[in-house]
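Beneath this line is the structure, given in structure tokens, with notes to follow.
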Amino acid sequence: MIKNDLFLRALKGEEVKRPPVWMMRQAGRYLPEFMAIREKYDFFTRCRTPELASEITVQPIRRYGMDAAILFSDILVIPQAMNIEVQMKPNFGPYLPNPVRDQRGVDNVIIPDVHEELDYVMQAIKATKELLNDEIPLIGFAGSPWTILCYVVQGQGSKTFDKAKEFCFTQPLAAHQLLQKITDTTIAYLKAKVASGVNAVQIFDSWGGMLSPVDYQEFSWKYINQIIEALKDDAPVISFAKGCWYALEEMSNSNASALGIDWTVTPQFARKATNNNITLQGNFDPVRLLSPPSVIKDMVKKMIDDFGKDRYIVNLGHGILPHVPLENAKVFIDAVKEY
Ligand code: CP3
């Protein structure tokens, strides 16, 4: 039994005394204790060493007492396990030296045994569960197949992911084969994560908003929904599709337990688009954490009033930025706890 079950109750749609709160990318560079570990170990060493990954996961919890922890890892461990080289370059981000651009590239991508190739993630989950001591739930995550394809084909971050889109639009058969391989791997991976102890999973479709509504159906949502259907009896699934306001209604009719909302829509719009029938998570503009503390406090209260305290999980509309002052993150979390 988890002592603080606010987050799990909100995912079930149960009534709560106040909404739960956590922040996307809460384990990260705004924390000095994170930077101290980052100085000593490179990115994938941090991901692959259970003692480091678990310690980094609980750092923000110790400092701020969020209502859920999210495992320190990355969405790009999946392509790595699928035989695609992924580097994390300091001051640059992800770099994939051999991007997939044709059928031959797709044929070389393997569906790995996740229990072998990603055992280090399962060990990190077990180590984290020990540190958390059943105080709060632990969230596991994966990228959406489309968002993983974006990196695998583009080879790096991008403002447009034009090469990824070009691949889908000019070689749709190969693109769908690649998306299906990523989907099959992700389903096995998330099931293994749940078996190792995570209490809920979130799918990050960070680049879903790069697609038009019609293309979103074909190249992203179809595959996310396969993952939701496969996982729904194992654990609650949160689908966060950044920039995809146009797909909210369809997503609300799926078996997802909650939908992530970015800051470009109002709570009223999000509730209406989802026919008021699903738990919503979000949607504070991450840059608003740079506002003066008193402004943050007022805006958080208004955000909760507008979403409603039930079937709601307070979060940012995307990941926290590295230059957010420690005090401002605290004001954000505390404003929810004082609600
Ligand atoms: O939320 C958490 O606290 C858990 C950790 C987490 C990381 N990445 C650690 C990380 C999570 C949930 C992710 C997901 C992720 N990774 C996404 C989806 C979420 C989103 O923000 O859209 C994406 C697109 C990635 C790919 C990725 N990893 C990028 C684009 C970068 C570089 C950008 C940056 O912030 O530097 C990473 C690196 C990364 N992943 C860092 C962290 C803490 C920073 C690099 C470092 O610590 O050396």
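Being modelled with pLDDT of 95 or more, part of a helix (DSSP H, G or I), away from the ligand (no atom under 11 Å from the Cβ) and surrounded by fewer than 16 Cβ atoms within 10 Å (Cβ to Cβ) is a description that does not apply to Lys159. Being assigned to a helix (DSSP H, G or I) and within 19 Å of Phe7 (Cα to Cα), is that true of even one residue in the stretch 288-301? So far as the stretch 288-301 goes, yes, one or more of its residues are assigned to a helix (DSSP H, G or I) and within 19 Å of Phe7 (Cα to Cα). Find all pairs meeting these conditions: Cβ atoms under 7 angstrom apart; at least six residues apart or on different chains; first residue within the stretch 197-225 and part of a loop (DSSP other than H, G, I, E, B); second residue among the basic types (Lys, Arg). The qualifying pairs are Gly197/Lys126; Gly197/Lys129; Ser206/Lys242. Taking (1) touching a Phe, Trp or Tyr at 6+ places or on another chain (Cβ under 9 Å); (2) away from the ligand (no atom under 15 Å from the Cβ); (3) assigned to a loop (DSSP other than H, G, I, E, B) in turn, Asn4 satisfies each apart from (1).
I'm checking my understanding of the structure. Among residues of the stretch 81-96 that are free of Cβ contacts under 8 Å to residues at least 60 places away in the same chain and in contact with a Leu (Cβ under 9 Å, 6 or more places away or on another chain), which one is farthest from Ile111 (Cα to Cα)?
First, pick out the residues of the stretch 81-96 that are free of Cβ contacts under 8 Å to residues at least 60 places away in the same chain: 83, 85, 87-91.
Restricting the remaining residues to those that are in contact with a Leu (Cβ under 9 Å, 6 or more places away or on another chain) gives 85, 87-88.
On the way: Glu85: 15, Gln87: 20, Met88: 22 Å.
Applying the filter and picking the extreme gives Met88.
Determine which member of the set Ile320, Ile313, Ile304 is assigned to a loop (DSSP other than H, G, I, E, B) and surrounded by 14 or more Cβ atoms within 10 Å (Cβ to Cβ). Of Ile320, Ile313, Ile304, the one residue that is assigned to a loop (DSSP other than H, G, I, E, B) and surrounded by 14 or more Cβ atoms within 10 Å (Cβ to Cβ) is Ile320.
Answer yes if at least one residue in the stretch 240-251 is in a helix (DSSP H, G or I), among the hydroxyl-bearing types (Ser, Thr, Tyr) and more than 18 Å from the chain's Cα centre (by Cα), and no otherwise. First the steps, then the outcome.
Initial filter on the stretch 240-251 (in a helix (DSSP H, G or I)): 245-251.
After this cut, where a residue has to be among the hydroxyl-bearing types (Ser, Thr, Tyr) as well, the list is 246.
Narrowing further to those that are more than 18 Å from the chain's Cα centre (by Cα): 246.
Looking for residues that are in a helix (DSSP H, G or I), among the hydroxyl-bearing types (Ser, Thr, Tyr) and more than 18 Å from the chain's Cα centre (by Cα), one finds at least one in the stretch 240-251, hence yes.
Restricted to the stretch 37-51, and to residues there that are among the basic types (Lys, Arg) and within 13 Å of Met88 (Cα to Cα), the residue that is nearest to the ligand (Cβ to nearest atom) is Arg38. Considered as a group, the residues in the stretch 55-110 that are surrounded by 23 or more Cβ atoms within 10 Å (Cβ to Cβ) and of a type in the set (Gly, Ala, Ser) include one that is farthest from the ligand (Cβ to nearest atom), and that residue is Ala68.
If the condition is being part of a helix (DSSP H, G or I) and of a type in the set (D, E, K, R), then the stretch 252-287 contributes Arg271, Lys272. In summary, Asp134 fulfils each of the numbered conditions (1) part of a helix (DSSP H, G or I); (2) at positive phi with the single exception of condition (1). For beta carbons closer than 8 Å, sequence separation of 6+ or different chains, a first residue in the stretch 35-53 that is in contact (Cβ under 8 Å) with a residue 40 or more places away in the chain and part of a loop (DSSP other than H, G, I, E, B) and a second that is within 9 Å of the ligand (Cβ to nearest atom) and hydrophobic (A, V, I, L, M, F, W, C), the qualifying pairs are Asp42/Met88.
Evaluation of Met1 against the conditions (1) crowded, with 21+ Cβ neighbours inside 10 Å; (2) modelled with pLDDT under 95 shows that the sole unmet condition is (1).
Per the listing Arg18, Arg25, Arg38, the residue uniquely closer than 22 Å to Asp205 by Cβ and surrounded by fewer than 19 Cβ atoms within 10 Å (Cβ to Cβ) is Arg25.
Would you check which residues across the stretch 283-339 are charged (D, E, K, R) and touching an Asp or Glu at 6+ places or on another chain (Cβ under 7 Å) and list them? Lay out the reasoning, then the answer.
Let us first name the residues in the stretch 283-339 that are charged (D, E, K, R), namely 285, 288, 297-298, 301-302, 305-306, 309-311, 327, 330, 334, 337-338.
Answer for the stretch 283-339, where residues must be charged (D, E, K, R) and touching an Asp or Glu at 6+ places or on another chain (Cβ under 7 Å): just Asp310.
Ile296: more than 16 Å from Val201 (Cα to Cα), over 19 Å from the mean Cα position of the chain (by Cα) and at pLDDT 95 or above, yes or no? Against the criterion (more than 16 Å from Val201 (Cα to Cα), over 19 Å from the mean Cα position of the chain (by Cα) and at pLDDT 95 or above), Ile296 qualifies. Hey, could you check the stretch 195-235 for residues that are surrounded by 17 or more Cβ atoms within 10 Å (Cβ to Cβ) and among the β-branched types (Val, Ile, Thr) and say which is nearest to Ala164 (Cα to Cα)? Selected residue: Ile224. Of all residues assigned to the stretch 119-133, none qualifies as being under 16 Å from Gly155 (Cα atoms) and either surrounded by 19 or more Cβ atoms within 10 Å (Cβ to Cβ) or within 15 Å of the ligand (Cβ to nearest atom) (or both).
The values are calculated or read from the model by the stated rules, or taken from the named source; none is laboratory data. Here the structure is a predicted model, which is why all the values come from computation and not from measurement. Glycine gets a Cβ as well: all are built from the backbone with ideal geometry, and neighbour counts include every protein chain shown.
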